[in-house]
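Engineer: This is the structure I want to talk about, given as structure tokens.
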Amino acid sequence: MKTAKIIIDDREHEFPLVTGTEQERAIDISDLYAKTGCITLDNGFQNTGACASAITFIDGDKGILRYRGFDISELADKLSFVETAYLLIYGSLPTIDQKSLFSRYLTENSMLHEDMIHYFVGMPPRAHPMAILSSMVNSLSIFYPLSFVDDENPQEFDRIAARLISMIRTIAAFSYKKSIGEPFVYPRHDLKYCMNFLNMMFSSPVKPYEFDLEAERVLNKLLILHADHEQNCSTSTVRLVGSSMVNLYASVCAGICALWGPLHGGANQEVIDMLEDIQRNGRKVKDVIAMAKDKTKNFRLFGCGHRVYKNYDPRAKILKDTCATFLAGRHANDPLLSIALELEDAVLHDDYFIERKLYPNVDFYSGILYRALGIPSAMFTVMFAIGRMPGWIAQWREMHDTKPFRIGRPRQVYVGPAHRSLP
Ligand code: SDX
């Protein structure tokens, strides 16, 4: 076992060096405080690994993303979102029987408890779909009460996982119908996951949805690309909340709230707002770039930059190509795509972005595809959450199965007032 040595007050301490599958290395400081009386400090956890995980691998320098060892481009081309969800949660591609059972659980758990519908009645029509989603997902603990997870009853976990993956889709579609004042369209047992969602979104009593296989294919790809991404902000939230032994619904609800932030999953909506602002106000790309570089301005180029990727986000590359082919296939032309391509070109040739290794990330092009599917920008982060649900469940299960089971509780360095007495 190789070790790292730290010298504190002239005393040398050794700590094991851990090496991962892809030769990435970490210093195991599990007994740092016991040995040295010191803790570490790492703003934003830029250098801190929270766990060892076998689910997703990212090489930020090379722009590599793999789920359970399979490259994201291969999965996006050849698998369905449901098969990808199974792979992430259970660690292997499903056999025919496993896929059939998983699909049955998804179908059996696609309908919301009818009393949950009353929640929607009370919500204002302009309520943000992410606020609705987090409320409704947390309400699953009311309608489907469960304890942590019963190790002796793994099938219970399978049903809970399927219920979350299936119902988040129904809740999303119902929140859209609520926002446009149309009656809810219930899930159907004869439709696959993505087509069921499109039908719930775009069918109405006066005009049934005309099944669009190309839209179904693009939606599958979008959801696969969002399905997991290591220990990002929302996934770390799910793990931390789950480590208190609260149930899975409450844990992923916390993840939904974390994802909503504009620096995280909320960026996809910010990107479209930014592109529409450029188009509406006839802004010049070079002025937008200048604004993004100006520290006196409270403006960031949404959809650009990443904590881990210091190269082009492989998901952005796939989405950019998919935008071009999907729009061309419909003989559609979205002026926002032209603006996005011009922005990207400016970023890739500007020293400020090059020096900081800032590239387009998953959120840069995803909104253009969602728009082309007819999904409103207020729902873009909800779409991200639908895709990320299997990843959150997989990571929560891995955390739950890690022994010894420990609650997550980071430390701190206190810099407040020294001890003092009341006047
Ligand atoms: C997602 O972690 C994940 O895996 C997340 C995600 C997933 O799948 O779960 O990939 C999904 O959240 C993608 C990111 C979506 N967010 C955005 O697109 C928002 C815009 N991007 C940034 O705010 C930023 O790049 C972050 C939040 C993504 C990353 O922030 P970091 O790693 O903390 O980097 P930083 O803020 O310290 O920036 C480093 C430098 C700074 O400049 P200097 O102080 O060195 O001069 O780069 C600059 C920043 O000002 N910078 C940007 C910028 N992003 C970073 N400047 C202008 N525009 C930007 N977008």
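Just so you know, all these numbers are worked out from the coordinates, no wet-lab data involved. Since we're looking at a predicted model, the values are computed, not measured. Cβ coordinates were reconstructed from backbone atoms using ideal geometry, including for glycine residues, and neighbour counts include every protein chain displayed.
Engineer: Just to be sure before I move on: is Ala290 closer than 26 Å to Ala385 by Cβ, of a type in the set (A, V, I, L, M), in a helix (DSSP H, G or I) and within 12 Å of the ligand (Cβ to nearest atom) in the structure I sent? I'd like the intermediate steps shown before the answer.
Structural biologist: Working: closer than 26 Å to Ala385 by Cβ: no; of a type in the set (A, V, I, L, M): yes; in a helix (DSSP H, G or I): yes; within 12 Å of the ligand (Cβ to nearest atom): yes.
No.
Engineer: Go through (1) surrounded by 19 or more Cβ atoms within 10 Å (Cβ to Cβ); (2) away from the ligand (no atom under 16 Å from the Cβ) for Pro208 and report which single condition fails.
Structural biologist: With (1) surrounded by 19 or more Cβ atoms within 10 Å (Cβ to Cβ); (2) away from the ligand (no atom under 16 Å from the Cβ) applied to Pro208, the lone miss is (1).
Engineer: Search segment 342-353 for residues that are of a type in the set (Gly, Ala, Ser) and pair each with any residue that is in a helix (DSSP H, G or I) when their beta-carbon atoms are under 8 Å apart and the residues are at least 6 apart or on different chains.
Structural biologist: These pairs meet every condition: Ala346/Val285; Ala346/Lys286; Ala346/Ile289.
Engineer: Since Gln279 meets every condition but one in (1) among the polar types (S, T, N, Q); (2) part of a loop (DSSP other than H, G, I, E, B); (3) away from the ligand (no atom under 14 Å from the Cβ), which condition does it not meet?
Structural biologist: (2)
Engineer: Next question. Are any residues in segment 52-75 touching a residue at least 40 places away in the same chain (Cβ under 8 Å) and either under 16 Å from the mean Cα position of the chain (by Cα) or farther than 23 Å from Asp313 by Cα (or both), and if so, which ones?
Structural biologist: Answer for segment 52-75, where residues must be touching a residue at least 40 places away in the same chain (Cβ under 8 Å) and either under 16 Å from the mean Cα position of the chain (by Cα) or farther than 23 Å from Asp313 by Cα (or both): Ile55, Thr56, Phe57, Ile58, Leu65, Tyr67, Ile72.
Engineer: Still on this structure, I have one more. May I ask you to list pairs of residues, at least six apart or on different chains, whose Cβ atoms are under 8 Å apart, with the first in segment 11-39 being under 20 Å from Ala52 (Cβ atoms) and the second being acidic (Asp, Glu) and assigned to a loop (DSSP other than H, G, I, E, B)?
Structural biologist: Phe15/Asp28; Phe15/Asp31; Pro16/Asp28; Leu17/Asp28; Val18/Asp28
Engineer: Moving on. Just to check your reading of the model, which residue among Ala173, Ala227 is in contact with a Pro (Cβ under 9 Å, 6 or more places away or on another chain) and within 16 Å of the ligand (Cβ to nearest atom)?
Structural biologist: After ruling out the rest, the residue left standing is Ala227.
Engineer: How about segment 78-100: which of its residues are more than 23 Å from Ser53 (Cα to Cα) and in contact (Cβ under 8 Å) with a residue 40 or more places away in the chain?
Structural biologist: Within segment 78-100, the first condition is being more than 23 Å from Ser53 (Cα to Cα), and the residues that meet it are 78, 80, 95-100.
Once the filter is applied, which keeps residues that are more than 23 Å from Ser53 (Cα to Cα) and in contact (Cβ under 8 Å) with a residue 40 or more places away in the chain, segment 78-100 yields only Ser80.
Engineer: Within segment 1-118, which strands (runs of 3 or more DSSP E) (wholly inside it) include 1 or more residues that are within 16 Å of the ligand (Cβ to nearest atom)?
Structural biologist: On the way: elements: 3-8, 11-19, 25-27, 56-59, 64-67.
So the answer is 56-59, 64-67.
Engineer: Taking segment 230-259 as the search range and keeping residues that are over 11 Å from the mean Cα position of the chain (by Cα) and free of Cβ contacts under 8 Å to residues at least 60 places away in the same chain, which one is nearest to the ligand (Cβ to nearest atom)?
Structural biologist: In this case the residue turns out to be Thr237.
Engineer: If you don't mind, there's one more thing I want to ask. Given the criteria more than 11 Å from the ligand (Cβ to nearest atom), under 26 Å from Asp71 (Cβ atoms) and either part of a helix (DSSP H, G or I) or not charged (D, E, K, R) (or both), does Thr296 qualify?
Structural biologist: Values: more than 11 Å from the ligand (Cβ to nearest atom): yes; under 26 Å from Asp71 (Cβ atoms): no; either part of a helix (DSSP H, G or I) or not charged (D, E, K, R) (or both): yes.
Criteria not met by Thr296.
Engineer: Would you mind finding the one in Pro376, Pro410, Pro423 that is of a type outside the set (Gly, Ala, Ser) and exposed (fewer than 11 other Cβ atoms within 10 Å of the Cβ)?
Structural biologist: On the way: Pro376 fails: exposed (fewer than 11 other Cβ atoms within 10 Å of the Cβ); Pro410 fails: exposed (fewer than 11 other Cβ atoms within 10 Å of the Cβ).
Being of a type outside the set (Gly, Ala, Ser) and exposed (fewer than 11 other Cβ atoms within 10 Å of the Cβ) holds for just one of Pro376, Pro410, Pro423, which is Pro423.
Engineer: Name the residues in segment 394-415 that are away from the ligand (no atom under 15 Å from the Cβ), more than 21 Å from Gly261 (Cβ to Cβ) and in contact with a helix residue (DSSP H, G or I) (Cβ under 6 Å, 6 or more places away or on another chain), would you?
Structural biologist: Of everything in segment 394-415, just one residue is away from the ligand (no atom under 15 Å from the Cβ), more than 21 Å from Gly261 (Cβ to Cβ) and in contact with a helix residue (DSSP H, G or I) (Cβ under 6 Å, 6 or more places away or on another chain), namely Met399.
Engineer: While we're here: Can you tell which of Glu83, Glu114, Glu12 is closer than 27 Å to Arg163 by Cα, among the acidic types (Asp, Glu) and surrounded by fewer than 12 Cβ atoms within 10 Å (Cβ to Cβ)? Lay out the reasoning, then the answer.
Structural biologist: Working: Glu83 fails: surrounded by fewer than 12 Cβ atoms within 10 Å (Cβ to Cβ); Glu12 fails: closer than 27 Å to Arg163 by Cα.
The match here is Glu114.
Engineer: Next question. Can you give me the number of residues within segment 113-130 that are under 23 Å from the mean Cα position of the chain (by Cα) and under 16 Å from Tyr186 (Cβ atoms)?
Structural biologist: So in segment 113-130, the residues under 23 Å from the mean Cα position of the chain (by Cα) come out as 127-130.
If we keep only those that are under 16 Å from Tyr186 (Cβ atoms) too, we end up with none.
Result for segment 113-130: 0.
Engineer: Would you call Ala215 among the small types (Gly, Ala, Ser) and in contact with a strand residue (DSSP E or B) (Cβ under 8 Å, 6 or more places away or on another chain)? So that I can check it myself, show each step before the final result.
Structural biologist: Working: among the small types (Gly, Ala, Ser): yes; in contact with a strand residue (DSSP E or B) (Cβ under 8 Å, 6 or more places away or on another chain): no.
Considered against the rule, which asks whether it is among the small types (Gly, Ala, Ser) and in contact with a strand residue (DSSP E or B) (Cβ under 8 Å, 6 or more places away or on another chain), Ala215 comes out as no.
Engineer: Here's another thing I want to ask about it. Quick check on segment 305-362: of everything there that is assigned to a loop (DSSP other than H, G, I, E, B) and away from the ligand (no atom under 11 Å from the Cβ), which residue is surrounded by the fewest Cβ atoms within 10 Å (Cβ to Cβ)?
Structural biologist: Here is the first cut: in segment 305-362, the residues assigned to a loop (DSSP other than H, G, I, E, B) are 305-313, 330-334, 349-350, 356-359, 361-362.
Then keep just the ones that are away from the ligand (no atom under 11 Å from the Cβ); that gives 311-312, 330-334, 349.
Values: Asn311: 15, Tyr312: 16, Arg330: 12, His331: 6, Ala332: 11, Asn333: 9, Asp334: 16, His349: 10.
So the residue we want is His331.
Engineer: For segment 354-383, which positions are within 17 Å of the chain's Cα centre (by Cα) and free of Cβ contacts under 8 Å to residues at least 60 places away in the same chain?
Structural biologist: Pro360
Engineer: Something else about it: Within segment 311-364, how many residues turn out to be farther than 19 Å from Ala292 by Cα and among the basic types (Lys, Arg)?
Structural biologist: Selection size over segment 311-364: 4.
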